[in-house]
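Asker: Sharing a structure here in structure tokens format.
Every number in this text was worked out from the coordinates using simple rules, so none of it is lab data. Bear in mind that the values here come from a model prediction, so they are computed numbers and not experimental data. Positions of Cβ are generated from backbone atoms using ideal geometry, with glycine treated the same way; all protein chains shown enter the neighbour counts.
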Amino acid sequence: MSRPPRYHLTSYGCQMNKLDAELVESRLVAAGYESAASDADADVVLLNTCSVRQHAEDRVWSRLGVLRARKRREPGLVVGVLGCMAQEHQRYLLARMPHVDLVVGPSAFGDIDVKVGEARARNAEKSGDGKQGAHVLAVGEGVSGDAIVRDPRVRPHRSQAWVSVMRGCNMPCSYCIVPSTRGQEISRPIDVVVEEVQRLCDDGVTEITLLGQTVNAYGRDLSRDVTLARLLHALHAIPALRRIAFITSHPNFLSPDLIDALADLPRVARFLHLPAQSGSDRMLKAMRRGYTVARYLSRVEQLRARAPQIALHSDFIVGYPGETEADFEATVELMERVRFAQSYVFKYSPRPGTLSAEQADDVPEDKKAERNAILLQVQERHIQADAQALVGTVQEVLVEGESKVDGRWTGRTVHHRLVHFPSSDRVVAGCYLPVRVTQALGHSLLGELLAEDHAVLPAGATA
């Protein structure tokens, strides 16, 4: 008896790509495919790609070069490029990458098993002269993957799940390629999202993260009555759901009703990813972000007045075309003023087809690297100080699994802080346990387990 066909999927980039990878894998598993430990053991090698930054694309091009050599030795191997690079570079892939069998954009994952099957059949029919068959191409609108019922075996943590509430983005940010690779905003109705989350909870999920490129703009394409705040209230009514998070938000859509939901709904996670991108009004205008520093700070002040326990996360771009020392210093000033719990800092890289790509990339790479390092140093100070302030507090920790350190387990707090603690008979992945923080390690915490009935105290309190 022949073994089932094996696939190996590597996913690059954002959380939406991680969700898409789960959807693709679920469809393949349902069709009888097995997951291979590495692509060397696979009959089907899939790369779920990202176009947001050049570095992510470079890794894919390099990997495709390696697979080209293998395809010469194994002409029956199926090689697939999925996601944003398939959408953005379809012509190049078709013209210059004959060893790539599948080119499937992010809006066409719903029947990925059928497409893989077609590619395998074409490879099996190829003559022995080594020539490649025709590509299986699916870009633009296709069969959406959002309706796929996910196999719990493909989720990294059985108790946690990503849920897409919208696809695409309507924002005009000058540096961003997402609107051209993922299209315009399409929101899923509230009842459809609630139904999926209930199904996940029935399967053991207790924490969900709602995903959207601009998630707090959710519902704009449906009606004025459909908002992220209303969705949060609807999900909060599901008894088995312990935590609800959402990413990524835009400052312009941090509305009063969403701030109220963050403040009033106890099971909504206590962190918010609200990218600022720059602390310079001149740069924000060039980036077409649609707000000023004063407006961003006003949103932060409104949020902290109603929900002071929320940990704010941000993104920053350094070295955007035309960024001066004064612009950069304004960004440092914003970081110092807001004191983000976490910031992700990126060196600008031009993306083809965006407005900023038409401008000269005039900030030298060494200057970008210097500014990147400075912002990371500022953020590191804030992370260390925040971590130290948590020592002595008791945090509810969702256990994710065994730590890389022998004898310890790891989990996350409601503020998304990583905590390591000793194992015991009570510890299983997916449970919620009270942990007293005993030591700050900067980006993670050490703690000790307490009795299950021990009260979880707010940050800043001690026990």
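Asker: I'd like to compare 352-364, 166-178, 40-52: which one has the highest average count of other Cβ atoms within 10 Å, and what's the full order after that?
Answerer: Numbers: 352-364: 14.0, 166-178: 19.4, 40-52: 21.8.
Top of the packing list down: 40-52, 166-178, 352-364.
Asker: If the chain between Glu74 and Ala147 were fully stretched, how many nm would it gain, using 0.36 nm times the residue separation less the Cα-Cα distance?
Answerer: Values: separation 73, 0.36 × 73 = 26.28 nm, distance 3.42 nm.
Extra length available between Glu74 and Ala147 comes to 22.9 nm.
Asker: While we're looking at this one, here's another question. With an 8 Å Cα cut-off and a minimum separation of 6 or more residues, compute the relative contact order for the chain in percent. Intermediate values should be presented prior to the final figure.
Answerer: Working: 910 pairs, mean separation 45.3, N = 463.
RCO, the chain: 10 percent.
Asker: Please give the length that would be gained between Ser223 and Ser255 if that part of the chain were fully extended, namely 0.36 nm times their separation in residues minus their C-alpha to C-alpha distance (nm, one decimal). Spell out each step's value before the answer.
Answerer: Details: separation 32, 0.36 × 32 = 11.52 nm, distance 1.59 nm.
Using 0.36 nm per residue and subtracting the Cα-Cα distance, I get 9.9 nm.
Asker: Can you give the FRET efficiency to the nearest 0.05 for Ala263 and Leu376, using r as the Cβ-Cβ distance and R₀ = 30 Å?
Answerer: On the way: r = 31 Å, r/R0 = 1.02.
Computed FRET efficiency for Ala263 and Leu376 comes out at 0.45.
Asker: I'd like the orientation of helix 293-306 relative to the chain: the angle between its Cα long axis and the longest Cα principal axis, in ° from 0 to 90, rounded to 10.
Answerer: Between helix and principal axis, roughly 60 degrees.
Asker: Among bridges DSSP assigns within the chain, what percent are antiparallel (round to 5)?
Answerer: Numbers: 21 of 64 bridges.
Percentage antiparallel, nearest 5: 35.
Asker: Still on this structure: Can you work out the base-10 log of I(q)/I(0) for segment 152-387 at q = 0.12, 0.14, 0.15 1/Å, using the Debye formula on its C-alpha atoms alone?
Answerer: Those come out to -0.73, -0.97, -1.09, one per q.
Asker: If N is the number of residues in segment 390-449, what value comes out of its Cα radius of gyration divided by 2.2 N^0.38 Å?
Answerer: Details: Rg = 9.9 Å, N = 60, 2.2 N^0.38 = 10.4 Å.
Scaled against compact globular proteins, the figure is 0.95.
Asker: Taking θ as phi - 60°, what are the ³J(HN,Hα) couplings along segment 109-122 by the Karplus curve (6.51, -1.76, 1.60), each to the nearest whole Hz, with x for Gly and Pro?
Answerer: 8, x, 10, 4, 5, 5, 5, 4, x, 4, 5, 5, 5, 5
Asker: Where the centroid of each part is defined by its Cα atoms, how far is segment 369-416 from segment 201-228 in Å?
Answerer: Between the Cα centres of segment 369-416 and segment 201-228 lies a distance of 26 Å.
Asker: Separate question: Using the Karplus curve 6.51 cos²θ - 1.76 cosθ + 1.60 with θ = phi - 60°, what ³J(HN,Hα) values do you get for each residue of segment 248-264, in whole Hz, with x for Gly and Pro?
Answerer: 10, 9, 10, x, 5, 10, 7, 7, x, 5, 6, 4, 4, 5, 4, 7, 9
Asker: Okay, moving on. Using only the C-alpha atoms of segment 6-138, find the volume of their convex hull and express it per residue in Å³. Walk me through the numbers on the way to the answer.
Answerer: Numbers: hull volume 12.7 nm³, N = 133.
That works out to 95 Å³ per residue.
Asker: Once the cut-off is 21 Å, how many percent of the Cα-Cα pairs in segment 219-281 end up in the long-distance tail? The partial results should precede the final answer.
Answerer: Working: 536 of 1953 pairs.
Value for segment 219-281 (Cα pairs over 21 Å): 27 percent.
Asker: Which FRET efficiency value, to the nearest 0.05, is calculated for Arg288 and Leu418 with the Förster distance at 60 angstrom and r the Cβ-Cβ distance? The partial results should precede the final answer.
Answerer: Working: r = 35 Å, r/R0 = 0.58.
Given R0 = 60 Å and the Cβ-Cβ separation, E is 0.95.
Asker: A further question follows. Show that you can apply the helix-only estimate: for the chain, add -39,500 (n - 2.57) for every DSSP H stretch of four or more residues, divide by all residues, and state [θ] at 222 nm to the nearest 500.
Answerer: Numbers: 13 runs with 158 residues, N = 463.
The helix-only estimate for the chain comes to -10500 deg cm²/dmol at 222 nm.
Asker: To the nearest 10 degrees, how steep is helix 365-389 against the longest Cα principal axis of the chain, on a 0 to 90 scale?
Answerer: Its long axis makes an angle of about 50 degrees.
Asker: Next question, about the same structure. On a 0 to 90° scale, report how tilted helix 15-30 is relative to the longest principal axis of the chain, with both axes built from alpha carbons and the result rounded to the nearest 10.
Answerer: Approximately 50 degrees, to the nearest ten.
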